[in-house]
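S.K.: Before anything else, here's the structure in question.
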Amino acid sequence: MAILKTEGLTYTYSAGTPFEKTAVDHVDLCIEEHTMVGVIGHTGSGKSTLMQHFNGLLKPTSGKILLDGKDIWADKQKMREVRFRVGLVFQYPEYQLFEETVFKDIAFGPRNMGLGEEEIKRRVLETADALGMDRELLKRSPFALSGGQKRRAAIAGVMAMRPEVLILDEPCAGLDPKGRNLMLQQIRDYQKKTQSTVLLVSHSMEDVAEFTQKLLVMSKAKLFCYDDTAAVFRRSAELREMGLRVPQIASVMEKLRNRGFALPEDLYTVEQARDAMLHLLQKGGSTC
């Protein structure tokens, strides 16, 4: 079942002025519930603008956004509810921190939902644990944290509202490889536990290859495709034409296939490549 759907969604910045620019152009899309979706596209492709429509931060120039089958703009009085159901974490979310303590920052969203203090406390602690945050950090000022800790605190503040849809715009920007991998594992564990829908905007093909089930690809304000991750990466030539690259391991496997090794075409993670190579070696390293 589709949790989010767009019908002819179009958004034009500075409409009617010399600076007019269409950032999202007639996008028709259905995003299934309980799915981890990667969102990719070159800079300026429209992916971030599209994401900001899903919780009503931007209103379409034309077209509709449906949440559970209902137009989110049909009743403006319910927009507050929409933003509780669709949580958006901006790139560099640590700039959103403002409270005296980390605990209060994470509790801000649940408190605005009108939850009781016991439920707020439970959600704050559960979310902090899910993101690997030491509980001692909750007593500290968010401005005294390291960059990675700030990132987790800001993401926790949205997760604690338990949105049905969680949108993360480059949540791992600036993190080292170990920190990025840990963050993505924690996000995936959260998605599985809560059975929410997560949209992960990323420039890292390796990250979306390993952690997502579906890929949404934007190009020049239009939806290029929305399909299973493996199916999208099989279109490597088209992705390269758009200025996107495929995961490095997929490029290595492609070169080996071109040299005659009988390897499948849908290898795009290190684990998949390892298993395929081991299988090939067990067969004696046969080529095509």
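S.K.: Tell me the residue from Val39, Val27 that is in the same structural domain as Ala209 (by TED's automatic domain parsing), under 15 Å from Lys220 (Cβ atoms) and aliphatic (A, V, I, L, M), please.
M.R.: On the way: Val39 fails: under 15 Å from Lys220 (Cβ atoms).
Exactly one of Val39, Val27 is in the same structural domain as Ala209 (by TED's automatic domain parsing), under 15 Å from Lys220 (Cβ atoms) and aliphatic (A, V, I, L, M), namely Val27.
S.K.: Okay, moving on. With respect to Ala144, determine if the residue is modelled with pLDDT under 95, under 19 Å from the mean Cα position of the chain (by Cα) and either surrounded by fewer than 20 Cβ atoms within 10 Å (Cβ to Cβ) or at positive phi (or both).
M.R.: Criteria not met by Ala144.
Each row is one residue, and each column tells you yes or no for (1) at pLDDT below 90; (2) crowded, with 24+ Cβ neighbours inside 10 Å; (3) part of a strand (DSSP E or B); (4) out of contact with any Cys (no Cβ under 8 Å at 6 or more places or on another chain).
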site	(1), (2), (3), (4)
Gly148	yes, no, no, yes
Ala173	yes, no, no, yes
Gly179	yes, no, no, no
Gln186	no, no, no, yes
Glu206	no, no, no, yes
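S.K.: What pairs can you find where one residue is in the range 170-185 and outside the structural domain of Met36 (by TED's automatic domain parsing), the other is buried (at least 19 other Cβ atoms within 10 Å of the Cβ) and hydroxyl-bearing (Ser, Thr, Tyr), and their Cβ atoms are less than 6 Å apart, with a gap of 6+ or different chains?
M.R.: none
S.K.: Return the pairs, sorted by first residue and then second, in which the second residue is assigned to a helix (DSSP H, G or I), the first residue lies in the range 69-80 and is under 19 Å from Gln52 (Cβ atoms), the beta carbons are less than 6 Å apart, and the residues are 6+ apart or on different chains.
M.R.: So the pair list comes out as Ile72/Val82.
S.K.: So which residues in the range 1-26 are without any contact (Cβ under 8 Å) to a residue 40 or more places away in the chain and either within 18 Å of Asp71 (Cα to Cα) or out of contact with any Ser or Thr (no Cβ under 9 Å at 6 or more places or on another chain) (or both), if there are any at all? Explain how you work it out, then say what you get.
M.R.: Of the residues in the range 1-26, the ones without any contact (Cβ under 8 Å) to a residue 40 or more places away in the chain are 1, 13-14, 16-21.
Scanning the range 1-26 gives Met1, Ser14, Gly16, Thr17, Pro18, Phe19.
S.K.: I'd like to know if the range 64-77 contains one or more residues that are among the polar types (S, T, N, Q), surrounded by fewer than 19 Cβ atoms within 10 Å (Cβ to Cβ), in the same structural domain as Ser202 (by TED's automatic domain parsing) and within 30 Å of Lys139 (Cβ to Cβ). Show your work before the answer.
M.R.: Kept after step one, since they are among the polar types (S, T, N, Q), are these residues of the range 64-77: 77.
With surrounded by fewer than 19 Cβ atoms within 10 Å (Cβ to Cβ) added as a condition, the list becomes 77.
From what is left, the residues that are in the same structural domain as Ser202 (by TED's automatic domain parsing) are 77.
So of that shortlist, the ones also within 30 Å of Lys139 (Cβ to Cβ) come out as none.
Within the range 64-77, not a single residue is among the polar types (S, T, N, Q), surrounded by fewer than 19 Cβ atoms within 10 Å (Cβ to Cβ), in the same structural domain as Ser202 (by TED's automatic domain parsing) and within 30 Å of Lys139 (Cβ to Cβ).
The values are calculated or read from the model by the stated rules, or taken from the named source; none is laboratory data. Please read these numbers as outputs of a predicted model, since none were measured by experiment. Ideal geometry is used to build each Cβ from the backbone, glycine not excepted, and the neighbour counts take in all protein chains shown.
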